[in-house]
1. Given springs between every Cα pair under 10 Å in a Gaussian network model of the chain, which of Val55, Val86, Val281 has the largest fluctuation?
2. With springs only between Cα atoms under 10 Å apart, run a GNM on the chain and tell me which of Ser93, Ser155, Ser206 wobbles the most.
3. Given a 1.4 angstrom probe, what's the average accessible area per residue across region 34-145, in square angstrom?
4. Can you tell me which lysines have their Cα less than 18 Å from the Cα of Lys122? Leave out same-chain residues fewer than eight positions away.
5. Given a 1.4 angstrom probe, what's the average accessible area per residue across region 156-210, in square angstrom?
6. Stretched out fully, how many nm does the piece from Val94 to Lys177 gain, at 0.36 nm a residue minus the Cα gap?
7. Kindly flag which residue pairs out of Lys220/Lys365; Lys152/Lys216; Lys152/Lys220; Lys149/Lys202; Lys149/Lys263; Lys149/Lys227 have an alpha-carbon separation exceeding 24 Å in this structure.
8. Which value in nm describes the separation of the simple spin-label points at Leu381 and Ser170, placed 7 Å from the Cα toward the beta carbon?
Amino acid sequence: MVRRVFSYIQRTEILKNASILVSGTLFAQAIPILLQPFLRRYFDPAEFGFYSVYVSIIGILLVISSLRFEQAIVLPQKDSDAISLVNISVIISVVFNLFILSFIIIFNNQLLQLLSLPNSRKYILYLIPLGTFLLSIFQIFNFWLIRKKRFKAISLNKLSRRSVEGVSQSIFALTGKSGGLIFGDIAGQLANGIVSVFQSLKSGYSIAKISSGDLKRLLKRYIDFPKYSLVPALMSTVCFMLPVVFINRYYSAEFAGYFDLTKLILSVPLALIASSFSSVVLNKTSECYREKKGYFKEIKPLIGIVVLISAIELVVILFWSESLFTFIFGSKWKFSGSLAKILVFPFALNFLTSSFTSLFVALNKIVWQSIWQIFYFALILVLPLLSGLKFENFIFAYSAIEVIANSSMVVLLILLIKKTNGKN
């Protein structure tokens, strides 16, 4: 039976590529996940709360960093145009993050107050542009590697980041270094960026000279990405990242830390599988789209796998979350297990939708996704109005909003597949 399944995977290109990415991602993500019981005993919930605020801000800025042009790298027929898009994206990212650094230098005190960060944590602000740029570099070159079907290279990049990050954070934990989680994250991102560039150079990328003609032509050709995708994508990311910032501001860094652990564990399928599936779906579907062939048969096996994993996550969390959180992370994290029972439903749905939202890019239907993201953003704007609720009630409200948003995305994906499969 096992041999038959393995043989089927090897014969099916999309499953083969997905298995390469998932296995690499599994090893990479296993490092920080396995380190969590150790780190959670050395760093208190408030420390994780500050770290989650930092990660959330970087996640939001990352959407704007290269104006979404990096997503177009997989689309051109000619590699020379794709290389120019890589270079354009890097230049935009450099300019953007220098602007963010200048803004922080001028308004650092106001930003500390807005984010409810103590003055002793001011260094977090100055690390934000660096972290955003390093993550942007990885993301840009990751799209180049997707284009070249270098899935083993992508897996290696992720492994390098998590290895360096895990070692660094562990050293900081043992030395009692304040901010060790953030400094370890920076070290991992630096390793990730360096390895990503190196792998891309091995895969045909070159620092080609950009002519003004190429620049204007490509910016005009792919202007739909920033024009229709940037603001809605920013809204969507804000919706996903901002709740922890709200919790830190309206409740406490300690509650933000509890929420951070819950989010981390419930996002394990998202981190291990969804991003890998999304990359493979993007590659295969865009290829079918260019060749005017049907693609649903190719992605159907992935749909079954995602639904099965979501069901398993629901059962495990609903029945055993508090016991598991206490056993693995210590008694002080039992409250995170209680939160998991509330949040497991939207996270399971988010895993399902995130695995296939790259269809909008591959099929050049980003306007559809943009409309949904505006709807999602409108829903999340309700949260600040609920900040007067008790913390548990606030989490219930947040969970309900996420269920509504992700359920509507499932409906939209079904409509997209029915409308576009084999038709372009």
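The values are calculated or read from the model by the stated rules, or taken from the named source; none is laboratory data. The shown structure was predicted, so the numbers you read here are calculated from the model rather than taken from an experiment. All Cβ positions, even for glycine, are placed from backbone atoms using ideal geometry, and neighbour counts span all protein chains on display. Surface areas here come from the heavy atoms of the whole protein model, side chains and all, with no ligands, DNA or RNA. Shrake-Rupley method; radii C 1.70, N 1.55, O 1.52, S 1.80 Å.
1. Top of the fluctuation ranking is Val55.
2. Most flexible of the set in this elastic network: Ser206.
3. Roughly 37 Å² per residue, with all protein chains present.
4. Partners within reach: Lys177.
5. Heavy-atom SASA per residue in region 156-210 reads 45 Å².
6. Length gained between Val94 and Lys177: 26.9 nm.
7. Lys152/Lys216; Lys152/Lys220; Lys149/Lys263; Lys149/Lys227
8. Simple spin-label model gives 4.7 nm for this pair.
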